[in-house]
Every structure is written in C-alpha cells, then in structure tokens.
Amino acid sequence: MLLYERLLRDLDDATLAIRSAQHGAAHDALIHAQRIVEGLDLSLDRNAWSGASALSTIYEYLHRELVAANIAKDPRKVAACRQVVEPLVEAWRGAWNEIAEGAA
C-alpha cells in the first residue's frame, strides 16, 4: 500500500512540476515513479498467483508511459498513468482491509 500511495504522490508531484516548468523536479518524480513500478513488477510471484502476468502487463504499460511522460514532460501522460494506478490502489486497499478485518 505504501508503494502505491507513494506512486500516486510521485505522479501528482510530477504533474505540478511539469505545469510549473520545473523540469528537474518532474524528472526526479517520474524516475522515482518508474522505480516503484519496476519494484512492484519484480515482486510479483508468477508461480504463486495466476493473475501475476496480467498485473505485470499493466506495470510494463505504466513504465513505458512514465518514460514517455518524462521525455515529453507531458502532464496528460502522467494523468493517464494516474487513472490506471488509482483503481489498483483501491483494489489493494480493499484487500488489505479484508485481511485486517479477518485477523481481528
């Protein structure tokens, strides 16, 4: 959850930086976002979960779009990535809540 929340923060930071013409800050936020996505993808256990390859495809898409957003400094590409990430955050948050409720 923390990585997903940080990913959203990086996307928001990048958008603000792009709109403020702070290209160095935008670059840093987008590079950090790319690293988070890479880490999430690498952490998938494709042998333990049948949905891992589908989620990996989403991560690969996000990574490509984040690179393209960084090169072009395009806030629309960043916004498109955020639209993909938000439902993932909500799904993982829901799963986390179910686990926490079950443990209580």
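Taking R0 as 41 Å, what FRET efficiency do you get between R76 and N97 from their Cβ-Cβ distance, rounded to the nearest 0.05? Write out the running numbers ahead of the final one.
Values: r = 32 Å, r/R0 = 0.78.
That gives a FRET efficiency of 0.80.
For the chain, I need the span (max minus min coordinate) of the C-alpha atoms along each principal axis, in Å, sorted largest to smallest.
47, 28, 18
Using the alpha-carbon atoms, what tilt in degrees (0 to 90, nearest 10) does helix 23-42 show relative to the longest principal axis of the chain?
The answer is roughly 20 degrees.
Once Lys and Arg get +1 and Asp and Glu get -1 on their Cβ, which of V84, G24, Y59 lies farthest toward the positive end of the dipole of segment 2-103?
Highest projection toward the positive end goes to G24.
Tally Lys/Arg at +1 and Asp/Glu at -1 over every other residue whose Cβ is under 13 Å from the Cβ of R9; what's the total? Let's see the in-between values first.
Details: positive: R6, R82; negative: E5, D10, D12, D13, D28, E86.
With Lys, Arg at +1 and Asp, Glu at -1, the net is -4.
Could you tell me how far the Cα centroid of segment 65-104 sits from the Cα centroid of segment 4-38, in Å?
13 Å
Starting from the Cα of R6, move 7 Å in the Cα-to-Cβ direction to define the label point; list residues of segment 17-35 whose amide nitrogen is under 12 Å from there.
Of the residues in segment 17-35, 32-35 have backbone N under 12 Å from the label point off R6.
Which value, in debye to the nearest 20, describes the size of the charge dipole of the chain about its Cα centre when Lys and Arg Cβ atoms bear +1, Asp and Glu Cβ atoms bear -1, and nothing else is charged? Present the calculation step by step, with values, prior to reporting the outcome.
Working: 11 positive and 15 negative charges, 75 e Å.
Roughly 360 debye, rounded to the nearest 20.
Sum up the charges of everything whose Cβ sits under 15 Å from the Cβ of S43, counting Lys and Arg as +1 and Asp and Glu as -1, but leave S43 out. Don't skip to the end; give the middle numbers.
On the way: positive: R6, R35, R46; negative: E38, D41, D45, E60.
Spelling it out: positives minus negatives among the neighbours equals -1.
Coordinate-derived values only; no laboratory data. Since we're looking at a predicted model, the values are computed, not measured. Cβ sites come from the backbone with ideal geometry, for glycine too, and all protein chains shown count toward neighbours.
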